[in-house]
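Enquirer: Once you've had a glance at the structure underneath, I'll fire off some questions.
We did not get these values from a lab; they are worked out from the coordinates using the rules stated. All values reported here derive from a predicted model rather than from experimental measurement. Note that we place each Cβ from the backbone using ideal geometry, even for glycine, and neighbour counts take in every protein chain shown.
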Amino acid sequence: MQPHLERLSDLLAPYPWAYSAIVLAALCLLAWLANFITKRILLRGLGSVLQRTSLGGAQHDRQVRLRVIPRLANIVPALVISAGIAVVPDLPPQLVLIVERLCQIFVVVTIALAISRALDVVNRNYERRPDAHNKPIKGYLQVAKIVMFVLVGISVIATLIGAKFLHIVTGLGAMTAVLMLIFQDTILSLVASVQISNDGRVRIGDWIEMPSQNADGDVIDIALHTITVRNWDRTVTTVPTKKLVSDAFKNWRPMSEGGGRRIKRALYLDQRSVRFLAADEIARFRRFVLLDAYLDRKDQELSDWNTALAARGAEPVNHRRVTNLGTFRAYVEHYLRHHAGINQELTLLVRQLQPTETGLPLEIYCFTADTRWAVYEGIQSDIFDHLLAILPEFDLRVFQARSDAPMDVRLQGGSSAAGGPARAAPGLEDARAR
C-alpha cells in the first residue's frame, strides 16, 4: 500500500494540493463507508438479536433501532475522521487540532443524545407496567438527563479550550453557591418528586382538587418540575411539583378505593307543617312496609312511658306522641337501609340540623356503592326525587321562598293598563271588606 501511495505522491508532485485533496476525499469516503456498513449490516444483525430477547418485544426493538442505535452508529465516521485527519498531508497543524476536537465533541454529544433517547425508551416501557402509575420514574430520569448534559457541557468547554475535564470540575467547586441558586427550582422539584413517589400522595389517574392552582381533575402526567392535570372542563393545568408538598390539596383516590362516594344533602322543611299524628293517621302509615318495625317499637315505647305517667296522675298533655316529622325521618332511614345503590357498610345518618330562616334542614348523610360520577349523580337524584314526591304523604312541606314574579293588582275605581275601568283582585276586595 505504501509504494502505491509513494508513486501517487511522485505523480502529483507538481500539484501538491491535488494529493491532499485526494487523500481527504478518500478519508471522507472511508468514513461514509464505515457509517454505511455500521447501519446496514451491524444494525440489522443487532436487530435480529433483539428480537430473540425479552427486552420488551417488537415495539421495544423498533424504538431501540429507530431512536438509540442510529445515533450511536454516527460515532463511527467521526472516529474515522478523527484518526485519519492527521494522515492528510500539508494540512495546517491548527486545522488538524480543530478537526480532532470537533470530532471528539461530536462523539460526546452523540453518546449523550443516544443515552437520552434510551432513557425515554426505558420510561415508555416502564409506563406499560400495571403498577407504573403508583411510582413514576419520569422525574428521576429527567434529573439524570440534566446531570448528564451538564457534564457534557463541561466536557465540550474543556475540549474547546484545551483544558482537562477534572480541572474544570474542580474549578466549579467555587461556583457551588451560584449553581444552587440557579438550580433552586430543580432541586426543590427533585425533593418534592422523591417525596411524592415514596408516599404515593399523587399518582397518574388520581382526581385531585387544588383551588389555589385552579386545578380540579385527573392527573395525566408527573414530571420533574410540573404535574399536569386535565380539568373537568377539558382544560389543562400545570401545577409545580413543589406545590404538592408545600400547599394543601385534596386527592379523591381514597374515595374511589374505599368503595363509597358521599351524599351529604338536606331537605329544608317548613317547620309550620310539623305536628303530632292522630291514632287513625298512625294506622294509615301501617301501609308503608318500611315503617312497620318503627311503629311497633314506637308504640311500645310510648305506651310504657304514658302508662307510667298516668299511674302518677299526670295530665294527658304530658304524654309523648308520634310526630309526622319523626315518622318521615324513620321512613327515610329505612328507605336508605334497603336501597341497592347505598353502601351499607359505611356511615348512614338521617339527622336534623340547626333550624334556619330557610326552614328545618333534614340532612341525609350516606355513601353510594358506586363511585363513578354519572352513576353517583343518578343514585342521588333518584333518592331525592322519591323523597320529594312522597313528602305530602306525611303532611310535610318543603320550605320555598315566594316567587318574585310581578303581581297583577287592580284597584277599584282606577283605570287599568288597557284604559278601561279597573277592578281590584278578589282577594284584595275580601281583605278590604273585612
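Enquirer: Using only Cα atoms, what Kirkwood radius does segment 70-117 have, in angstroms?
Expert: Details: mean 1/r = 0.0889 Å⁻¹.
Answer for segment 70-117: a Kirkwood hydrodynamic radius of 11.2 Å.
Enquirer: If you don't mind, another one. Along the Cα-to-C-beta direction of Val289, a point sits 7 Å from the Cα; which residues of segment 330-363 have their amide N less than 15 Å from that point?
Expert: From segment 330-363, the list is 334-340.
Enquirer: Here is a follow-up. Write down the radius of gyration of segment 262-394 and its Dmax, each obtained from C-alpha positions, in Å.
Expert: Radius of gyration, then largest Cα-Cα span, for segment 262-394: 17.0, 59 Å.
Enquirer: I've got another one for you. Could you pull the Cα extents of segment 200-257 along its three principal axes, largest to smallest, in whole Å?
Expert: Dimensions of segment 200-257 along the principal axes of its Cα atoms: 27, 25, 19 Å.
Enquirer: Which entries in the list Lys138/Lys164; Lys264/Lys298; Lys145/Lys242; Lys39/Lys164 go over 29 Å, if you measure between the two C-alpha atoms of each? List each step's numbers first, then the result.
Expert: Values: Lys138/Lys164 33 Å; Lys264/Lys298 27 Å; Lys145/Lys242 20 Å; Lys39/Lys164 33 Å.
Violating the 29 Å Cα-Cα cut-off are Lys138/Lys164; Lys39/Lys164.
Enquirer: Another question, then. I'd like the FRET efficiency for Arg351 and Leu151, computed as 1/(1 + (r/R0)^6) with the beta carbon distance as r and R0 of 56 Å, rounded to 0.05.
Expert: On the way: r = 65 Å, r/R0 = 1.15.
That pair, Arg351 with Leu151, gives E of 0.30.
Enquirer: Taking the highest mean first, how do the peptides 105-118, 231-244 order by number of other beta carbon atoms within 10 angstrom per residue?
Expert: Values: 105-118: 17.6, 231-244: 15.4.
Output ranking for 105-118, 231-244: 105-118, 231-244.
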